[in-house]
Amino acid sequence: MTQQGFVAKTYIGAISPYVAGKPIEETAKEYGLNPEKIVKLASNENPLGMPESAKQAMVEAATHAFRYPDGNARHFRSAVAKFLGVDDSWVIAGNGSDEILGLIARLVLSPGTRCVYSQYSFSVYELSAQENGAECVEIPADNFKVDLKAISEACQVLGTRLVFITNPNNPTGLALSSEAIESFIASVPKDCVVVFDEAYCDYLPDDMRVDSVALVKKYPNVLVTRTFSKAYGLAGLRAGYGVAQPALIEMMNRIRPPFNMNYLAQAAAAGCIADKAFLKKVYETNRAGVEDLEKFFDEQKLTYLKTLANFILVKVGPKAAEINTELLKQGVIVRPVKSYGLPEWLRISIGTAEDNARFKEAFVKAREILGV
Ligand SMILES: *Cc1c(COP(=O)(O)O)cnc(C)c1O
């Protein structure tokens with residue numbers, strides 16, 4: 001019967017793979033550019049690089065990396081637990097927070113169950129539901145905002161086992177209030193896990209931060225996920241974690257691959273988690289960059305969303321793909337978001353002042369060339 005020598009599960013054949021930001025090396029080759037001169041504003045990486053605290057811890061750990069890492073990531077998890085004020089048993093380590101998103105989906109989803117998330121949200125949610133054969137229920141956004149009321153209603157349907165909420169959201173950059181989040185969580189049936197993805201929480205102003213640990217303490221069906229890939233500048237190492245009550249963490253640990261978080265990632269992440277000085281600098285650099293780009297898009301008379309994250313979503317019109325190509329030719333990589341259902345928009349990660357200047361210059365030139 002089969003020509004290929006294998007029979008994949010039918011629901012896996014239906015998956016369209018994750019589209020990542022275009023790598024620097026690939027862009028350099030394709031357009032004949034010097035990779036050193038390329039500005040990548042496509043994957044929400046930290047333009048300041050990694051903190052010294054992480055680098056130091058990683059260099060010290062390097063000598064020992066011939067050994068397996070601690071399979072229970074004790075040192076890392078205890079650094080996280082101390083940072084959050086919970087017991088170690090409330091923390092699970094991940095090879096990036098993507099892995100945690102995948103683990104929770106594997107734990108609770110199977111054919112016949114439902115997974116709910118908003119339109120314009122992180123594509124990994126859909127992927128992790130699809131690979132488990134669950135029904136994907138995407139709730140239309142309300143003028144780009146996550147419609148918590150409609151999502152809550154969708155969660156009442158029998159068989160709904162998982163719902164994803166992101167704050168601030170990717171790719172819109174919009175944030176929810178603490179009150180809205182808590183009343184949403186309170187409304188979700190007790191047998192439906194709420195994943196509260198806080199990949200970008202470090203970019204929120206103080207008055208918008210959510211006490212997500214308090215939510216975990218109050219609700220046994222809440223799983224908070226965080227990452228070291230964005231504000232902490234460790235995207236290439238793959239480091240993230242989940243926080244939930246011990247019963248849920250213990251179940252996830254049963255399917256977590258042994259040694260999932262590598263030696264260097266554990267050391268670096270534990271070394272920088274409490275680096276407040278670095279996070280402050282990251283926050284301030286980012287806000288200055290956001291203001292700069294907002295001013296620029298105002299001058300360009302373009303519509304953008306008021307971001308509270310480290311990227312900005314801007315409507316550049318029907319020629320978005322062409323603009324993207326013109327930017328690439330000039331060595332500026334941004335993120336087209338057609339796959340998110342936003343063919344006329346681009347998502348630009350906030351860079352250093354220098355990166356942002358390069359982007360602005362290239363963008364003006366791209367519009368001139370295309371006459372848009
Ligand atoms: C970047 C991102 C993550 C995390 O990525 P990892 O590198 O796997 O930790 C999670 N959620 C959202 C919404 C993101 O944008």
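Here are the numbers:
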{"item": "Given charges at beta-carbon only (K, R positive; D, E negative), |dipole| of segment 139-262 in Debye", "result": "500 debye"}
{"item": "Cα-Cα over 25 Å, subset of Lys149/Lys319; Lys29/Lys360; Lys9/Lys338; Lys190/Lys338; Lys145/Lys295; Lys37/Lys230", "result": "Lys149/Lys319; Lys9/Lys338; Lys190/Lys338"}
{"item": "Cα gyration tensor category, rounded, prolate or oblate, for the chain with a/c compared to 1.5", "result": "rounded"}
{"item": "Debye, to nearest 20: dipole size of segment 103-149, +1 on Lys, Arg Cβ, -1 on Asp, Glu Cβ", "result": "140 debye"}
{"item": "Span from the segment 314-369 Cα centroid across to the segment 87-158 one, whole angstrom", "result": "29 Å"}
{"item": "Within the chain, helix-based [θ] at 222 nm, where runs of 4 or more DSSP H residues each add -39,500 (n - 2.57), nearest 500", "result": "-12000 deg cm²/dmol"}
{"item": "Accessible area per residue in Å² at 1.4 Å probe, computed on the chain", "result": "46 Å²"}
{"item": "Bridge type composition, the chain - antiparallel percent by DSSP, nearest 5", "result": "50 percent"}
{"item": "Solvent-accessible area, 1.4 Å probe, carbon plus sulfur percent, for the chain", "result": "54 percent"}
{"item": "Cβ charges +1 (Lys, Arg) and -1 (Asp, Glu), total dipole of segment 1-125, debye", "result": "300 debye"}
{"item": "Three-way shape label, segment 297-352, alpha-carbon gyration tensor, a/c 1.5", "result": "rounded"}
{"item": "Most positive-pole-ward Cα, Phe6, Gly133, Phe184, against dipole of the chain from beta carbon charges", "result": "Phe6"}
{"item": "Antiparallel DSSP beta bridges within segment 170-266, as percent of all bridges there, nearest 5", "result": "50 percent"}
{"item": "Candidate aspartates and glutamates - alpha carbon under 14 Å from Lys306, same-chain residues fewer than 8 apart omitted", "result": "Glu291, Asp292, Glu294, Asp298"}
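The values are calculated or read from the model by the stated rules, or taken from the named source; none is laboratory data. Being a predicted model, the structure only gives us computed values, none of them experimental. All Cβ positions, glycine included, derive from the backbone under ideal geometry; neighbour counts span all protein chains shown. Side chains included, ligands, DNA and RNA excluded: accessible areas come from the protein's heavy atoms. Shrake-Rupley method; radii C 1.70, N 1.55, O 1.52, S 1.80 Å.
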